[in-house]
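The values are calculated or read from the model by the stated rules, or taken from the named source; none is laboratory data. From a predicted model like this one, the values you see are computed outputs, not experimental measurements. With ideal geometry, Cβ positions are generated from the backbone for all residues, glycine too; neighbour counts draw on all protein chains shown. Please note that ligands, DNA and RNA were not included when accessible areas were found on the heavy atoms of the full protein model with its side chains. Shrake-Rupley method; radii C 1.70, N 1.55, O 1.52, S 1.80 Å.
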Amino acid sequence: MRVIRSVQALSAWSRALHREGVLIGLMPTMGALHAGHRALIRAARLSCDAVAVSLFVNPRQFGPAEDLSRYPRQLRSDSALCRGEGVDVLFTPSAAEMYPPGFQTSVVVRGLSRRWEGEHRPAHFEGVTTVVTKLLSLVRPHVVFFGQKDFQQSVLVRRLVEDLNLGARVVVCPTVREHDGLALSSRNQHLTPAQRRAAPILYAALRAGRTAILGGVRSAARIRETIHHTIAAEPLARVEYLAVCDPETLEPLRRISDAAVLLGAVRLGRVRLIDNLLVRIAER
Ligand code: AMP
């Protein structure tokens, strides 16, 4: 596995592979890799000839009061995981490499970035779509892999790639969970033992919402009530938002006709957790 730290070396690598007609897969990450990331790498390995993983804790997607300095950094074990999974290139640039002096450009996906995560983390998606645009321009992957864990992000990236003709196929892989349902996340390591015991409540509540839908409830307000009610049983969890939305537009639904995505964010102390569940009525 080659470790690359400069943008020039990365685009030279990609150019050489493009000349040879090699199918390139890219998986952007912020490191602190876990089994969720590993599943994405495996999906990339299965469908692409060369796999690049980027590992960059992107300062632009953190707000001033957010956990940038606390975000776990573990390059040694991350690079061992990538090597073990047969990754070809691990791209680990510095912030100065990605945003050199004079850098001024940003990429905004307007409508989709405003709601939900965007409301609670105002600069977040601008940071994400800017860095993803840079990574896609440098690597020019044929396929780019994201996790459903960050549902809104995956919808935004699809829009971005289509709007700017970035030419990659966007593949969204299912959320990998702990045995008790908690979605794997680098932030889980900050949970205290009591918060960790409480954390599966978010997924449990979303599942209660799904059960209601599959049981015939069609009113989004009633489904949100069910979800809220389940979370209210856990005193350590504070809800930031819970939404029943159209999976493509992310607009809130009044009634569910065929599909909905249930989105949620909760705080357990200083740790913020997000999760989601896609429900199709034909599923039952
Ligand atoms: P991150 O390093 O947290 O920015 O995540 C990098 C990629 O891994 C994103 O596309 C995430 O959606 C995806 N990801 C994170 N957690 C999980 C998970 N539990 N299951 C599947 N994909 C995940």
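Some observations on this one:
- Any pair with Cβ under 6 angstrom, 6 or more apart, that starts in the stretch 5-33 at a residue that is under 19 Å from Asn58 (Cα atoms) and ends at one that is assigned to a loop (DSSP other than H, G, I, E, B) and at pLDDT 95 or above: Arg5/Thr92; Arg5/Pro93; Leu26/Pro141; Met30/Val57; Ala32/Gln74
- Criterion: modelled with pLDDT of 95 or more, under 21 Å from Val89 (Cβ atoms) and out of contact with any Phe, Trp or Tyr (no Cβ under 8 Å at 6 or more places or on another chain) - qualifying residue of Leu191, Leu136: Leu136
- Checklist (1) touching a Lys or Arg at 6+ places or on another chain (Cβ under 6 Å); (2) more than 20 Å from Tyr241 (Cβ to Cβ) applied to Leu160, failing item: (1)
- Matching option when the condition is within 12 Å of the ligand (Cβ to nearest atom), closer than 23 Å to Trp13 by Cβ, touching a residue at least 24 places away in the same chain (Cβ under 8 Å) and open to solvent by 20 Å² or more (accessible area, probe 1.4 Å), among Val171, Val176, Val157: Val171
- Ile4 falls short on exactly one of the conditions (1) farther than 25 Å from Val172 by Cβ; (2) open to solvent by 30 Å² or more (accessible area, probe 1.4 Å), and that condition is (2).
- The condition (being assigned to a helix (DSSP H, G or I), modelled with pLDDT of 95 or more and within 12 Å of the chain's Cα centre (by Cα)) is satisfied by just one residue among Val131, Val161, Val157: Val157.
- Considering the conditions (1) in a helix (DSSP H, G or I); (2) farther than 16 Å from Asp275 by Cβ, Ile223 is excluded by exactly one of them, (2).
- Against the test of being within 14 Å of the ligand (Cβ to nearest atom) and within 23 Å of Ser14 (Cβ to Cβ), the options Phe91, Phe151, Phe125, Phe103 yield a single qualifying residue, Phe91.
- Enumeration of residues in the stretch 138-182 that are in the same structural domain as Tyr99 (by TED's automatic domain parsing) and among the small types (Gly, Ala, Ser): Gly147, Ser154, Gly167, Ala168
- Conditions (1) more than 16 Å from the chain's Cα centre (by Cα); (2) modelled with pLDDT of 95 or more; (3) within 16 Å of the ligand (Cβ to nearest atom); (4) open to solvent by 60 Å² or more (accessible area, probe 1.4 Å); number of the one not met by Arg70: (2)
- Some residue of the stretch 189-204 being in a loop (DSSP other than H, G, I, E, B), in contact with a Gly (Cβ under 9 Å, 6 or more places away or on another chain) and closer than 18 Å to Gln148 by Cα: yes
- Those residues of the stretch 94-117 which are touching a Leu at 6+ places or on another chain (Cβ under 8 Å) and either more than 23 Å from Arg159 (Cα to Cα) or open to solvent by less than 50 Å² (accessible area, probe 1.4 Å) (or both), in sequence order: Val107, Val109, Leu112, Ser113, Trp116
- Looking only at the stretch 15-46, and only at residues there that are assigned to a helix (DSSP H, G or I) and more than 16 Å from the ligand (Cβ to nearest atom), the one that is farthest from Val139 (Cα to Cα): Arg19
- Residues of the stretch 141-180 classified as in contact with a strand residue (DSSP E or B) (Cβ under 9 Å, 6 or more places away or on another chain) and over 29 Å from Val108 (Cβ atoms), total: 2
- Of the criteria (1) over 16 Å from the mean Cα position of the chain (by Cα); (2) more than 14 Å from the ligand (Cβ to nearest atom); (3) more than 21 Å from Ala265 (Cα to Cα); (4) touching a residue at least 24 places away in the same chain (Cβ under 8 Å), which one Glu119 fails: (3)
- Test: residue in the stretch 34-51 that is open to solvent by 50 Å² or more (accessible area, probe 1.4 Å), at pLDDT below 95 and under 22 Å from Gln189 (Cα atoms): no
- Residues located in the stretch 233-252, provided they are under 13 Å from Val279 (Cα atoms) and open to solvent by 20 Å² or more (accessible area, probe 1.4 Å): Asp246, Pro247, Glu248
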